[in-house]
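Q: Submitted below is the structure of interest, expressed as structure tokens.
Each value in this text was obtained by applying a stated rule to the coordinates, not by laboratory testing. Since the model is a prediction, treat every value here as computed from it, not as a measurement. In this analysis, Cβ positions are derived from the backbone assuming ideal geometry, glycine residues included, and neighbour counts consider all displayed protein chains.
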Amino acid sequence: MFRLAAPLLAFASLLLPAASAHADAISVAVAPDPVVGVEFPITATWASASNGSPFVGVTVKPTGAGCAANFYADFKYGTEGGTGEDAIWTEITGPTGTETGGHQVAAPGSYTICAYLQDSERSKTPYALTGPVLFNVRAADAAPVPPPAPDPCPPARVALEQANQAATLAQTYVTRFRTAAKRYERLAKRADGVRRTRLERQAKLAKQRYRKAVQLRAKARTARSQAQALVAASCPA
């Protein structure tokens, strides 16, 4: 829906050298159709640019509370008020990897997974956090239950952040090319001969880029307004 970032970045690449991006990330997956009283696997996959051997922790709890700010705050045996049981707890890792742990619950219903990529088990601020991830556990004699509908708020907030970044980038280039065009025009008026011709050509190019940036800014602002409306509709106040 919000695709302004791609053309803006492509436009920016005309002037700026490409830079490689690194990020910390963790994802989690649960086996399909888990059943009460039967251990089922939960798998975490991570990539860490901040630590070559990070701590990976995954908790499971009945759905209700979301994910705490860090693993130890979410862990029921770590912090008063924590409700999560550990499904994965490992510090024997590399910068990238996959770890699978087994978990078992005693009652059917909806459960929440929270996955943390941290410096250590007691770190206050994780490098990356995934969750809440919801899944259902059915009774042994019950038919499979479809997974709960995903919460629309997190993706709406991500879309708004992307739209804000696109709008900010668009305004940056509008300002940059407008300033460049005026500067080249002033210099051209004081120059003559070949230098004046070259400066006039640069001023013309800057004006073309300015007009294109204005068009992209208008689209970015429209996308930002749409993203703001989506957050208002998807996220409770």
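Q: Over the Cα atoms of the range 21-137, compute the convex hull volume and normalise it per residue, giving Å³.
A: Details: hull volume 10.8 nm³, N = 117.
In the range 21-137, the Cα hull volume divided by residue count equals 92 Å³.
Q: Could you please state, rounded to a whole Å, how far the C-alpha centre of the range 175-205 is from the C-alpha centre of the range 102-133?
A: A separation of 58 Å, based on Cα centres.
Q: Related question: Find the percent of Cα-Cα distances in the range 153-234 that exceed 20 Å, and round it to a whole number. Walk me through the numbers on the way to the answer.
A: On the way: 1620 of 3321 pairs.
Of the Cα pairs, 49 percent sit more than 20 Å apart.
Q: Can I ask one more? When you count, for each residue, the other Cβ atoms within 10 Å and take the mean per peptide, how do 220-227, 78-85, 108-115 rank with the highest first?
A: Result, highest mean first: 108-115, 220-227, 78-85.
Q: I would also like to ask the following. Under 8 Å for C-alpha pairs, at least 6 residues apart: give me the relative contact order for the range 153-234, rounded to a whole percent.
A: 48 percent
Q: Taking the range 50-91, how much of its Cα-Cα pair set, in percent, is spaced more than 12 angstrom apart?
A: 58 percent
Q: While we're on this one: Quick one: how many lysine pairs in the chain have C-alpha atoms under 13 angstrom apart, if they're 8 or more apart or on different chains?
A: Lysine pair count for the chain: 4.
Q: Further question on the same structure: Report, in deg cm²/dmol and to the nearest 500, the calculated mean residue ellipticity at 222 nm for the chain, where each DSSP H run with n ≥ 4 adds -39500 (n - 2.57) and the sum is divided by the residue count.
A: Values: 4 runs with 92 residues, N = 237.
Taken over the chain, the calculation gives -13500 deg cm²/dmol.
Q: Can you compute log10 of I(q)/I(0) for the chain with the Debye formula, treating each Cα as one identical point scatterer, at q = 0.10, 0.11, 0.15, 0.18 Å⁻¹?
A: -0.66, -0.74, -1.05, -1.24
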